[in-house]
There are 2 protein chains.
Amino acid sequence: MNTTSIIQPDPKLDLVLERVIDVPRDLVWKAWTTPEHIVKWFTPAPWSTKECEIDLRPGGMFRTIMVSPEGQEFPNLGCYLEVVPNERLVFTDALLPGYRPSDNPFFTGVVSFATEGSGTRYTAIAIHRDEAGRKQHEEMGFHDGWGKALDQLVAHVKTM
Amino acid sequence: MNTTSIIQPDPKLDLVLERVIDVPRDLVWKAWTTPEHIVKWFTPAPWSTKECEIDLRPGGMFRTIMVSPEGQEFPNLGCYLEVVPNERLVFTDALLPGYRPSDNPFFTGVVSFATEGSGTRYTAIAIHRDEAGRKQHEEMGFHDGWGKALDQLVAHVKTM
């Protein structure tokens, strides 16, 4: 069963961030899958992550609350689809925990980790329903935002 | 990792069909996961299934075209979420193949098979976004339709 080729990003619809970072992938995995780590890096400052709840298995909850600099809260609720330790995490807001279809799907996220020297090749893909979704995510600052969050992740992992 | 308790049907939102059938579960699995078998039983007569395409892995395509007695075609496109041979199949139309969020999600389906004597305990669950989705599915004839399709499955498996 080939599970890697199922993700085929379409440049019109999807966004990709790929970078080699100088921290080991088992710690990157831990930072992505543990609520107490997530709240330290997940949302680019001056935004922050107030809460995080994780049930790390297919169909399990992935819930965060992001907070704007003005204090407005933005809850996100979805579930995991694939959990391959130290390798790949797939999650979506198109399905709530227990695989229930959601009201307002925005994207599926795929983050992959591969060892590269003493560091990690980090690939994040956002898969959208349509071109409008991709544009919206771009205008929300996907590249800057996910890039800055990744800087925060690396800085946080170095304190772990 | 507990993968069985993630599905928790809510009577307000979900529909369940459970029955013991007198055919072995490996053949029931085969009937559910092979296009040439699906077209023989999947849609209650006088409706029929014209086409079926299956890529049997998480994120892989599950596509059918149902045809009404008047000849009108109803295409369905979704993907698999869990594939546990002879045990459980989870699929949804909330995500297209490759986990892309879809435009018009209706339900996630969970079919489970357990050996019972020389037969199979067959459980089918339809998980909807909301109460309106559950009612719509009920009015489309969930219980009669899925029950009749199951009769057709049993009759077909006996010819396999």
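Side notes on the structure shown:
- Positive minus negative residues near B:Ile6 (Lys, Arg vs Asp, Glu; Cβ under 12 Å): +1
- Rounded to the nearest Hz, the phi-derived 3J(HN,Hα) couplings of the range B:66-82 under the Karplus curve 6.51 cos²θ - 1.76 cosθ + 1.60 (θ = phi - 60°) are 9, 10, 6, x, 7, x, 6, 9, 10, x, 10, 9, x, 9, 7, 10, 9, where x marks glycine and proline.
- Neighbour net charge for A:Thr43 - beta-carbon separation under 12 angstrom, K R +1, D E -1: +1
- The A-B contact accounts for roughly 2600 square angstrom of buried accessible surface, both chains included, probe 1.4 angstrom.
- Chain A residue nearest the axis that carries A onto B, by Cβ, with distance in whole Å, is A:Ala94, 2.
- Across chain A, Cα pairs under 8 Å and at least six residues apart give a relative contact order of 27 percent.
- Average beta-carbon neighbours from other chains, 10 Å sphere, peptide A:90-98: 5
- Counting from the shortest, the label point at A:Val16, 7 Å from Cα toward Cβ, is 4.4 nm from the same position in each remaining copy.
- Each Lys or Arg adds one and each Asp or Glu subtracts one; over the other residues with Cβ under 12 Å from the Cβ of B:Gln152, this totals +2.
- Per-copy distances of the B:Ala45 label point, shortest first, in nm (7 angstrom along Cα→Cβ): 7.0
- Stokes-Einstein translational diffusion, the range B:14-157 - Kirkwood Rh over all Cα pairs, 0.692 mPa s, 37 °C, in µm²/s: 214 µm²/s
- Computed from the alpha carbon positions, the gyration tensor of the range B:1-77 leads to an equivalent ellipsoid with semi-axes of 25, 17, 16 Å, biggest first.
- Across the range B:105-150, C-alpha contacts under 8 Å between residues 6 or more apart give a mean separation that, scaled by the residue count, equals a relative contact order of 32 percent.
- Qualifying lysines (Cα of each under 18 Å from Cα of A:Lys40; at least 8 residues distant if same chain): A:Lys30, A:Lys50, A:Lys148, A:Lys158
- Over the range A:12-79, relative contact order from alpha-carbon pairs under 8 Å, at least 6 apart, %: 19 percent
- Between the C-alpha center of the range A:117-160 and that of the range A:1-68 there is a gap of 8 Å.
- Ranked from shortest, the separations from the 7 Å Cα-to-Cβ label point of B:Ser118 to its equivalents in the other copies are 6.7 nm.
- Averaged over the residues of peptide A:105-117, the number of Cβ atoms from other protein chains lying within 10 Å of each residue's Cβ is 2.
- Taken per residue, the accessible surface of chain A reaches 47 Å², heavy atoms only and a 1.4 Å probe.
- Dipole check for the range B:14-157: with +1 at the C-beta of Lys and Arg, -1 at the C-beta of Asp and Glu, and the Cα centre as origin, the magnitude is about 260 Debye.
- Candidates per GluC sites (Glu not before Pro) in the range A:45-111, loop by DSSP, up to 13 other Cβ within 10 Å: A:Glu70
The values are calculated or read from the model by the stated rules, or taken from the named source; none is laboratory data. Note that the coordinates shown come from a computational prediction; the quantities given were computed from them, not determined experimentally. Neighbour counts are summed over all protein chains in view; Cβ atoms, including those assigned to glycine, are modelled from backbone coordinates with ideal geometry. In case anyone asks, the SASA skips ligands and DNA or RNA and just uses the protein heavy atoms, side chains included. Shrake-Rupley method; radii C 1.70, N 1.55, O 1.52, S 1.80 Å.
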